[in-house]
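Take a look at the structure below.
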Amino acid sequence: MSRFTVHHIPVCPFCQRLEILLALKGLAGEVDFRVVDITQPRPPELQRLMRGTTSLPVLVFEDGRVLKESLVILQYLEATYPVPAVAQSDPWLRALENLLCTMEGPFVAAGYTWVMSQDPAKRDVLRQNLLALYAKLDDFLVEHAPDGGFLFEDFGWAEAVFTPMFMRFWFLGYYEGFDLPDEPRYARVRRWRDACLAHPAAQQVCEEEIVKLYYDYAKGAGNGALLPGRTRSSFAFEPHWRSRPWPPRDKYAVSATDAQLGLLA
Ligand code: GAZ
């Protein structure tokens, strides 16, 4: 019997952080993951326990306590199951990984703002925005961890926080033709990203799934919202993403229909 229930949205990056932490700790069995269909109204029971907020994931204890916010949930799990440690125990090293994690908010915002933008005239500015953040990450890693792939010896706290976002940003590769330029000022962050993407504890999603499910984001509709002329969200569970065709890459000129996206059963 699982000790916790986590309500989450499929392919939600914030939820993948929990899955990664639990995988690193060998605790997948402690948590029962329940998928919320973001394209439907929330079940009344879930609405009641979330008390007016809608953001997932949410961790529910056996005794009914409720905890929100992925990073807070991660901290709770790390403190409750300290072995094996994922966060650093040395105060200075812990401070460093926390400092790196302060960059995740702007990083997430930059990537999502770009993928959701519908104005081709803004592409260059949005790209430069994101590149500036990659350069900041690079600079941090060069200062504190010049060698190797991860921040410390192994995949740890900062990696659990950032890896789901590195994976989501596959949507920028597909819909915006973005990749990190092959330049020295991104070399260290590229090494970090590649080490993160390859780690066995972080393989809950793949590029094909991200690209197909996030089509609606690329057309400007976040969080399961329906686009004009569509009856199905690209986040729908059925038909399974594997059986759907790859969406058109040109998000600015093309608006694919439900049928073209393989969303009709
Ligand atoms: N701070 C929270 C956490 O747990 O860390 C964030 C959780 C969150 O945003 N969850 C989203 C959610 O539950 C799904 S993932 N939404 C459903 C709802 O009804 O609220 C979307 C963005 C964005 C950045 C990220 C995401 C995203 O813009 O991945 O815009 C729509 C949502 C910067």
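The values are calculated or read from the model by the stated rules, or taken from the named source; none is laboratory data. Just so it is clear, the model here is predicted, and its values are computed rather than measured. Ideal geometry is used to build each Cβ from the backbone, glycine not excepted, and the neighbour counts take in all protein chains shown. Keep in mind that these areas ignore ligands, DNA and RNA; they rest on the heavy atoms of the full protein, side chains included. Shrake-Rupley method; radii C 1.70, N 1.55, O 1.52, S 1.80 Å.
Structure data summary
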quantity	calculated
Relative contact order (percent, whole number), the chain, Cα cutoff 8 Å, 6+ residue spacing	19
Dipole in debye (nearest 20) - region 1-49, about Cα centre, beta carbon charges: Lys, Arg +1; Asp, Glu -1	120
Square roots of five times the Cα gyration tensor eigenvalues for the chain, Å	29, 27, 15
Cα-centre dipole for region 217-265 with unit charges at Cβ (Lys and Arg positive, Asp and Glu negative), debye to 20	100
Centroid-to-centroid separation of region 126-185 and region 14-84 [C-alpha atoms, Å]	26
Compactness relative to 2.2 N^0.38 Å, alpha carbon Rg of region 91-202	1.05
Lys pairs, the chain - Cα-Cα below 22 angstrom, 8 or more residues apart or on other chains	6
Farthest positive-ward along region 4-80 dipole, Cα basis, beta-carbon charges - from Phe61, Thr80, Pro41	Pro41
Per residue accessible area of the chain, 1.4 Å probe, in Å²	47
The chain: antiparallel DSSP beta bridges as a percent of all, rounded to 5	60
GluC sites (Glu not before Pro) lying in DSSP loop within region 31-110, provided at most 13 other Cβ fall within 10 Å	Glu62
Helical mean residue ellipticity (222 nm; -39500 (n - 2.57) per DSSP H run of 4+; nearest 500) of the chain	-13500 deg cm²/dmol
Net charge of Cβ neighbours under 13 Å - reference Gly156; Lys, Arg +1; Asp, Glu -1	-3
Among beta bridges that DSSP assigns inside region 4-80, antiparallel share in %, nearest 5	60
Accessible surface of region 107-168 [probe 1.4 Å, protein heavy atoms]: carbon and sulfur percent	53
Magnitude of the charge dipole, the chain, Cβ model with Lys/Arg +1 and Asp/Glu -1, debye to 20	840
